[in-house]
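Undergrad: Structure below; questions to follow.
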Amino acid sequence: MNILAYLIPISLVMGGVGLLFFIFTVRTNQYDDPEGNARRILSGEYDDKPKS
């Protein structure tokens, strides 16, 4: 039972770090268009100009 005194706080800290990392990735717009590039590479239209 003493091991639970260590495992519960460790798991809560690890879960909190994971949640903070997820919030960071959402705020930095890393999930905006995950399928767009995969579909664009298969199309015949090429646009070599950088997006502005």
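Undergrad: Return the FRET efficiency for the residue pair Arg40, Leu12: r is the Cβ-Cβ distance, R0 is 35 Å, and the value is rounded to the nearest 0.05. Numbers along the way, then the final one.
TA: Working: r = 42 Å, r/R0 = 1.19.
Once the sixth-power term is evaluated, E becomes 0.25.
Undergrad: Arrange the peptides 14-21, 1-8 so that the one whose residues have, on average, the most other Cβ atoms within 10 Å appears first. Write out the running numbers ahead of the final one.
TA: Details: 14-21: 10.0, 1-8: 7.5.
By packing density, highest mean first, the sequence is 14-21, 1-8.
Throughout, read-outs are computed from the coordinates displayed, never taken from laboratory work. As the structure is a computational prediction, the values presented were derived from the model and not from experiment. Please note: Cβ atoms are built from the backbone with ideal geometry, for glycine as well, and neighbour counts cover all protein chains shown.
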